[in-house]
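A short worksheet on the structure shown next.
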Amino acid sequence: MRIFYHLIVFYITIQLVWSLFREKKFWKQASLVLVLVLFLLRLFLIE
Amino acid sequence: MKTKHLMPGLLLLGLTLAVGFFSGREFLSMRRNDEIFPGSGLTARKRLSDYFPSLKDTAGDTEVFIFDGAAKGGNLLILGGTHPNEPAGFMTAILLAETIRAARGKAVIVPWANASGFTHSDPQEGSPQRFFLETPTGRRWFRLGSRVTNPVHQWPDPTIYVNPMGQKLAGIDARNLNRAYPGKAAGNLTEKVAFAIMDLIRKERIELGIDLHESAPEYPVINAIVFHENASELAAIAQMELQAEGFELRLEASPPNLRGLSHREWGDAAGIKAILLETPNASHGRLKGRPTVSLIVDGKDKYYERASRLGRLFVPYGPEGIPLKLRVARHLAGVQAILDSLRELEPDKAIELANFPSPAEVQAKGIGVFLHPAQK
């Protein structure tokens with residue numbers, strides 16, 4: 001089960017990084033990284 | 001993709017990774033266990049999994065310190081850290097593990113009873129992850145955990161928790177060690193820890209168990225000795241001794257219909273004299289201001305002071321607060337008075353602990369002077 005969870009979190013993380021570089025407005029990019037940091041923590045720290 | 005958007009993106013990504021790295025490191029540091037440096041009186045150092053092997057390599061396994069005296073006497077269990085957000089409980093157990101030597105009988109000390117609870121803190125409380133005490137050679141840090149088992153180790157909570165004795169409780173109590181007795185061998189992690197403690201009680205032939213707690217100043221069961229009917233006489237004599245020493249403690253009989261608690265199930269299931277001690281802790285109460293290290297150690301809070309003036313508290317609470325050293329001194333005086341009562345009531349079961357830190361000295365000099373120096 002854990003691998004599926006990791007894959008889902010990884011997929012969303014990649015989407016967020018992709019959107020970060022496609023977004024043109026700085027403040028939208030800044031809002032996006034606030035979500036990204038939570039996904040990175042989930043990706044690397046989940047037991 | 002234009003490079004114009006690439007640079008802020010890269011900058012923000014770098015910032016995100018830095019925030020993730022530092023907050024992740026802080027988060028993971030809660031999983032590192034504190035150290036205890038027992039004195040020369042230690043005769044055996046075990047783990048809870050030595051009594052109940054199914055706990056091995058789980059977050060529920062924890063250290064057990066045994067002090068066995070040369071002379072025959074009774075066997076005592078001291079439990080700290082049942083609720084890891086109640087620092088006077090586990091600090092008293094740590095202090096005893098680092099100082100005592102058993103002259104007669106046996107003392108078994110479990111300072112972090114709910115080890116999993118020490119690996120996280122209560123959500124939305126903003127509690128510090130650690131607090132420190134000054135020792136003669138420097139500052140020593142101690143983790144402050146949550147009241148309940150880490151949800152990473154036991155998840156999800158049921159809507160209604162039915163504990164091993166059939167009592168219906170709120171879902172979160174599925175992770176509360178002091179609702180899980182006498183435990184279940186095939187239960188959830190918290191029930192397994194409770195089961196292991198019951199196994200320890202049987203295998204070490206414990207006769208007297210003391211569970212060290214704290215409660216919020218607005219909670220009615222406070223500055224109290226909660227006793228199982230097996231220990232009623234013991235508790236009554238201890239209370240008189242404590243009053244003579246200037247410690248006001250009330251007696252609370254363990255309610256027979258409130259199941260799953262140590263002071264009920266240790267007595268019912270293992271037949272031992274079961275006692276729970278409570279001191280007042282402002283840092284986990286509902287009326288507190290900002291939770292800080294100072295609030296934990298010095299115990300001063302202007303909102304509690306105000307609540308006290310309005311007559312809303314069950315303990316006196318002045319501008320001097322209720323510092324940790326006073327709360328630990330109260331627990332030490334409680335343990336000492338209970339052991340004195342046992343010696344009076346059952347001389348053949350007496351337990352004598354040498355190098356027992358004097359409550360008056362702890363109150364005057366602080367806890368740190370009695371602790372092992374901080375590791376460099």
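The values are calculated or read from the model by the stated rules, or taken from the named source; none is laboratory data. This structure is a prediction, so every number in the text was calculated from the model and none was measured. Here the Cβ is made from the backbone with ideal geometry for all residues, glycine too, and neighbour counts use every protein chain on show.
Table for the structure above
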{"item": "Breaking point among (1) facing another protein chain (nearest Cβ under 7 Å); (2) in contact (Cβ under 8 Å) with a residue 40 or more places away in the chain, for A:Ile46", "result": "(1)"}
{"item": "Residue match in segment B:315-328 (condition: β-branched (Val, Ile, Thr) and either surrounded by fewer than 17 Cβ atoms within 10 Å (Cβ to Cβ) or over 15 Å from the mean Cα position of the chain (by Cα) (or both))", "result": "yes"}
{"item": "Sole residue being over 20 Å from B:Lys203 (Cβ atoms) and more than 10 Å from chain A (Cβ to nearest Cβ), chosen from B:Phe21, B:Phe52, B:Phe27, B:Phe37", "result": "B:Phe37"}
{"item": "Residue selected from segment B:349-376 under the condition in contact with a Gly (Cβ under 6 Å, 6 or more places away or on another chain) and hydrophobic (A, V, I, L, M, F, W, C), by the criterion nearest to B:Asp34 (Cα to Cα)", "result": "B:Ala374"}
{"item": "Condition broken by B:Leu200, with the remaining ones in (1) closer than 17 Å to B:His83 by Cβ; (2) touching a residue at least 60 places away in the same chain (Cβ under 8 Å) satisfied", "result": "(1)"}
{"item": "Scope segment B:288-311; condition within 24 Å of B:Phe90 (Cα to Cα), of a type outside the set (Asp, Glu) and either in a helix (DSSP H, G or I) or in contact with a Pro (Cβ under 6 Å, 6 or more places away or on another chain) (or both); matching residues", "result": "B:Val293, B:Ser294, B:Leu295, B:Ile296, B:Val297, B:Gly299, B:Tyr304"}
{"item": "Which listed residue is touching a Leu at 6+ places or on another chain (Cβ under 9 Å) and not in a helix (DSSP H, G or I), from B:Phe356, B:Phe314", "result": "B:Phe356"}
{"item": "Every pair of residues 6+ apart whose Cβ atoms lie under 6 Å, when the first sits in segment B:4-17 and is facing chain A (nearest Cβ under 8 Å) and within 12 Å of A:Glu23 (Cα to Cα) while the second is aromatic (Phe, Trp, Tyr) and surrounded by fewer than 14 Cβ atoms within 10 Å (Cβ to Cβ)", "result": "B:Pro8/A:Phe26"}
{"item": "Count - residues of segment B:1-22 that are surrounded by 15 or more Cβ atoms within 10 Å (Cβ to Cβ) and small (Gly, Ala, Ser)", "result": "2"}
{"item": "Residue match in segment B:56-74 (condition: in a helix (DSSP H, G or I) and either more than 10 Å from chain A (Cβ to nearest Cβ) or touching a residue at least 40 places away in the same chain (Cβ under 8 Å) (or both))", "result": "no"}
{"item": "Unique residue being surrounded by 21 or more Cβ atoms within 10 Å (Cβ to Cβ), in contact with a strand residue (DSSP E or B) (Cβ under 6 Å, 6 or more places away or on another chain) and in contact (Cβ under 8 Å) with a residue 40 or more places away in the chain when the list is B:Ala103, B:Ala93, B:Ala115", "result": "B:Ala93"}
{"item": "Some residue of segment B:83-98 being in a loop (DSSP other than H, G, I, E, B) and within 22 Å of B:Ala185 (Cα to Cα)", "result": "yes"}
{"item": "Flag if B:Leu208 is among the hydrophobic types (A, V, I, L, M, F, W, C), buried (at least 24 other Cβ atoms within 10 Å of the Cβ), modelled with pLDDT of 95 or more and out of contact with any Ser or Thr (no Cβ under 9 Å at 6 or more places or on another chain)", "result": "yes"}
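Results for (1) under 17 Å from the mean Cα position of the chain (by Cα); (2) of a type in the set (Gly, Ala, Ser), shown as yes or no for each residue.
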| position | (1), (2) |
| --- | --- |
| B:His5 | no, no |
| B:Thr16 | no, no |
| B:Phe27 | no, no |
| B:Arg32 | no, no |
| B:Ser54 | no, yes |
| B:Leu77 | yes, no |
